[in-house]
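Notes follow the structure.
The values are calculated or read from the model by the stated rules, or taken from the named source; none is laboratory data. Quick caveat, the model's predicted, so the values are computed rather than measured. When we count neighbours, we look across all protein chains shown, and the Cβ atoms used for this are built from the backbone with ideal geometry, even at glycine.
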Amino acid sequence: MDNNLLSEAINLTLFGMGFVFVFLALMVILTSFMSASVLRLQPFVPSASVSPVQTDNLIDEDTKSIIEKAIRLHTGA
C-alpha cells in the first residue's frame with residue numbers, strides 16, 4: 001500500500017510541476033508576442049519632441065529661496 005501511495009504522490013508532483021512549467025512557458029511566449037506586436041503597431045514618438053515645462057514662471061522668488069534653504073538644510077551644505 002505504501003508503494004502505491006508513493007507512486008501516486010510522485011505522479012501528482014510531476015503532473016503539477018509539468019502544468020506549472022507549461023503555464024509559465026506559455027505566459028512568457030504570449031507576453032513576448034504581445035510586446036513585439038505592440039512595438040510594431042505603435043508609432044515611434046521621439047521624446048525630444050516634448051517641450052520641457054518652464055518652472056521659472058510658476059514659482060516666485062520667495063518660494064524659490066525657501067526651497068533652496070530647505071535643500072541646503074537637508075543636504076547639510
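The residues on offer are Thr55, Thr31, and the sole one that is in a helix (DSSP H, G or I) and either loosely packed, with under 10 Cβ neighbours inside 10 Å or at pLDDT 80 or above (or both) is Thr31.
Within the bounds of segment 36-44, is there any residue that is in a helix (DSSP H, G or I) and either touching a residue at least 60 places away in the same chain (Cβ under 8 Å) or surrounded by 10 or more Cβ atoms within 10 Å (Cβ to Cβ) (or both)?
We begin by selecting, within segment 36-44, every residue in a helix (DSSP H, G or I); these are 36-41.
Restricting the remaining residues to those that are either touching a residue at least 60 places away in the same chain (Cβ under 8 Å) or surrounded by 10 or more Cβ atoms within 10 Å (Cβ to Cβ) (or both) gives 36-37.
Within segment 36-44, one or more residues are in a helix (DSSP H, G or I) and either touching a residue at least 60 places away in the same chain (Cβ under 8 Å) or surrounded by 10 or more Cβ atoms within 10 Å (Cβ to Cβ) (or both).
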